[in-house]
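Single-structure report; data block below.
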Amino acid sequence: MKIEQNIETSRMILRSYQKDDRAFCISLWCDPENGKYMSDPTVDCLNENYIKYFDKMEYEQDGYYLIATDKVTGKAIGTCCLFQEEGNYDIGYCISKHHWKKGLGSELIQALIEFARELGGQSLTAEVADKNVASVKLLKKFGFEAYKVASFKKWNSDVSFDSQFYKMDLV
């Protein structure tokens, strides 16, 4: 789904994904360092099926794909998504490694929390690889708590990660 109005934070503007954003998303999610703990493939494992998925993102009806842009430069600096599941919103997020350790992840999570509340969400969930210590700390900072053990594999690969699902009540 597309958001009706861009979401502004102190340093970012979140807007709906557009087809022009495909190259940025691939460069972010498939980067060996930036996408290390994501289910997206590394660049060497990309295939046509994965790339075709991006053509559908702009018109997704079950959730929101958003691009975080720098308020000053207008350049894309991250991504996030929200998918509704019976009053809950499952989220995903990624800040470009060139912008790590500047508090942008916190700003992005806060914006997702506020947006989910505006949508009437009762809770937020996120799955995070256990080895992704920075993301685990970020979620815990906002009061998310682990509630389910899981695991996932990277697309088109034998690489797998033990993970946890984290949850935060919004009401």
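Key figures for this structure:
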quantity	calculated
Helix-only mean residue ellipticity at 222 nm for the chain, each DSSP H run of n ≥ 4 adding -39500 (n - 2.57), per residue, nearest 500	-7500 deg cm²/dmol
Mean-position separation - Cα centroids, the range 83-118 and the range 23-51, in angstrom	19
Relative packing of peptides 3-11, 59-67 - highest average C-beta neighbours within 10 Å first	59-67, 3-11
Contour excess over end-to-end distance, with Cα ends at V149 and E60 and 0.36 nm allotted per residue	29.2 nm
Straight-distance crosslink candidates among lysines, where the alpha carbon sits under 21 Å from K148 and sequence neighbours closer than 8 are dropped	K131, K137, K140, K167
Per-bin percent of Cα-Cα distances, the chain [5 Å]	1, 8, 17, 21, 23, 18, 9, 2, 0
Extension reserve of the Q18-N156 stretch, reckoned as 0.36 nm per residue once the Cα distance is removed	47.2 nm
Diffusion coefficient, µm² s⁻¹, Stokes-Einstein with Kirkwood Rh over alpha-carbon pairs of the range 91-171 at 10 °C and 1.306 mPa s	117
Highest to lowest packing among 147-159, 93-105, scored as the average C-beta count within 10 Å	93-105, 147-159
Cut-off under 5 Å, modelled amide H: who pairs with R11 long-range	none
Proximal charge balance of K71 [Cβ under 11 Å; K/R count +1, D/E count -1]	-1
The chain, relative contact order in percent, only Cα pairs under 8 angstrom and at least six apart counted	21
Within the range 133-171, backbone nitrogen closer than 17 Å to the virtual label 7 Å beyond the Cα of L46 toward Cβ	155-157
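Where a number appears in this text, it was derived from the coordinates with a stated rule and is not lab data. Values in this document were obtained by computation on a predicted structure and should not be read as measured data. Note: ideal-geometry Cβ built from the backbone for every residue, glycine included; neighbour counts use all protein chains shown.
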